[in-house]
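Novice: Could you have a look at this structure, given as structure tokens, before my questions?
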């Protein structure tokens with residue numbers, strides 16, 4: 001039975017302390033770096049997000065004892081019946097998109113033959129741009145079902161053919177990160193040319209900063225990022241708390257009448273691009289004071305003047321910001337949302353569908369998305385479909401401050417990045433009830 005969550009809030013005053021899990025984005029990068037470093041790099045504060053726990057387990061199994069033939073490490077084995085009869089090592093990453101991209105590059109330069117697969121939705125998420133780039137470098141990769149999509153077979157025997165490749169910058173920064181993570185292990189190094197506009201630039205900057213901490217030198221001039229073959233340094237990578245998780249508490253503060261929240265462990269000098277939520281939510285009257293080993297959030301009543309939000313460098317904040325604007329009847333426009341259609345779900349369509357349940361429209365014209373709140377109403381009870389997308393659940397949850405009752409399909413979906421989310425809401429005064437669907 002699928003477990004739904006019923007969510008209520010009796011008042012609009014929010015105060016308390018929240019301890020956030022480690023950043024999934026940082027942790028997944030750190031785990032790949034650790035695996036590539038041959039024991040020189042150690043990771044501290046591993047996130048308890050399901051994706052990070054899964055990736056850590058896969059890499060541990062690969063390195064410590066190898067993966068037994070036909071072993072499925074995660075996900076639903078029954079969904080991969082067509083490939084179970086082969087003799088390759090099978091790694092099923094379930095719905096973990098970051099793990100799919102990073103492991104594609106990681107296994108491309110390993111010796112063993114591996115079939116990398118995932119959930120039904122994962123088989124609908126494109127991987128072709130990354131596979132094409134790895135093939136140019138010298139990787140032996142075949143598609144098992146549909147060209148351009150998982151599952152893929154990485155056949156080992158990597159022999160680098162060139163050190164120079166080009167890749168589109170406006171599809172997914174994870175493709176670029178996957179290549180950069182393995183660059184220092186390539187015999188010819190890597191000279192990566194980015195074609196067109198770079199989406200989610202802060203995520204690429206995060207990757208390079210973490211590689212630099214691990215002793216890897218790089219050069220970034222214009223559209224070219226260069227990393228020579230080199231050894232990792234002996235070091236520790238400590239994973240910061242998750243700014244993406246923090247964004248939901250900023251949204252809660254923005255929708256409250258009065259808010260005084262303390263989020264532990266966060267600093268103003270984060271590698272995470274989503275730390276820009278402090279600047280975005282300042283437009284909604286939320287002040288951020290960094291002291292006492294974290295950040296204090298306070299609500300100040302002020303008019304909202306900003307009407308345009310460019311989210312191309314922080315697309316994981318898009319659902320949160322759009323929902324807050326809808327809740328406040330703030331008819332803003334949004335750009336930089338191109339990558340949202342290939343995430344865990346088509347997040348644009350999902351937003352349009354779920355906001356429509358309260359009469360709000362998200363209208364697209366020439367890649368500009370505008371909210372129309374003229375038909376907005378407050379239903380007594382609203383059912384939110386999550387589409388197997390953790391961020392759909394968490395971005396809509398703050399609406400409990402303005403809606404009498406909400407029910408969320410598949411509450412455990414939040415485990416992907418923030419397993420304690422519902423528990424943390426309950427600790428801060430929200431009524432959280434489990435309901436078997």
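Novice: Quick check on region 43-62. Is at least one of its residues in contact with a strand residue (DSSP E or B) (Cβ under 6 Å, 6 or more places away or on another chain), farther than 23 Å from residue 248 by Cβ and at pLDDT 95 or above?
Specialist: Yes, the conditions are met somewhere in region 43-62.
Novice: Restricting attention to region 183-201, which residues are in contact (Cβ under 8 Å) with a residue 60 or more places away in the chain and in contact with a strand residue (DSSP E or B) (Cβ under 8 Å, 6 or more places away or on another chain)?
Specialist: Selection gives 184 alone.
Novice: What's the total number of residues in region 170-223 that are at positive phi, surrounded by fewer than 23 Cβ atoms within 10 Å (Cβ to Cβ) and either touching a helix residue (DSSP H, G or I) at 6+ places or on another chain (Cβ under 7 Å) or not assigned by TED's automatic domain parsing to the domain that holds residue 103 (or both)?
Specialist: Final tally of qualifying residues: 1.
Novice: Continuing with the same structure: For residue 313, state whether it is part of a loop (DSSP other than H, G, I, E, B), within 25 Å of the chain's Cα centre (by Cα) and either closer than 30 Å to residue 101 by Cα or modelled with pLDDT of 95 or more (or both).
Specialist: On the way: part of a loop (DSSP other than H, G, I, E, B): yes; within 25 Å of the chain's Cα centre (by Cα): yes; either closer than 30 Å to residue 101 by Cα or modelled with pLDDT of 95 or more (or both): yes.
It is true that residue 313 is part of a loop (DSSP other than H, G, I, E, B), within 25 Å of the chain's Cα centre (by Cα) and either closer than 30 Å to residue 101 by Cα or modelled with pLDDT of 95 or more (or both).
Novice: Taking the condition touching a residue at least 40 places away in the same chain (Cβ under 8 Å), out of contact with any helix residue (DSSP H, G or I) (no Cβ under 8 Å at 6 or more places or on another chain) and within 30 Å of residue 34 (Cα to Cα), does residue 234 pass? Can you show your working first?
Specialist: Values: touching a residue at least 40 places away in the same chain (Cβ under 8 Å): yes; out of contact with any helix residue (DSSP H, G or I) (no Cβ under 8 Å at 6 or more places or on another chain): yes; within 30 Å of residue 34 (Cα to Cα): yes.
It is true that residue 234 is touching a residue at least 40 places away in the same chain (Cβ under 8 Å), out of contact with any helix residue (DSSP H, G or I) (no Cβ under 8 Å at 6 or more places or on another chain) and within 30 Å of residue 34 (Cα to Cα).
Novice: To continue, here is another question. Residues that are within 25 Å of the chain's Cα centre (by Cα) and surrounded by fewer than 23 Cβ atoms within 10 Å (Cβ to Cβ): find the helices (runs of 4 or more DSSP H) completely inside region 322-437 holding 2 or more of those.
Specialist: The qualifying helices (runs of 4 or more DSSP H) are 347-355, 421-427.
The values are calculated or read from the model by the stated rules, or taken from the named source; none is laboratory data. Just so we're clear, the structure is a prediction, and the values are computed from it rather than from any experiment. As a convention, Cβ positions derive from the backbone with ideal geometry for all residues, glycine included, and neighbour counts pool all protein chains shown.
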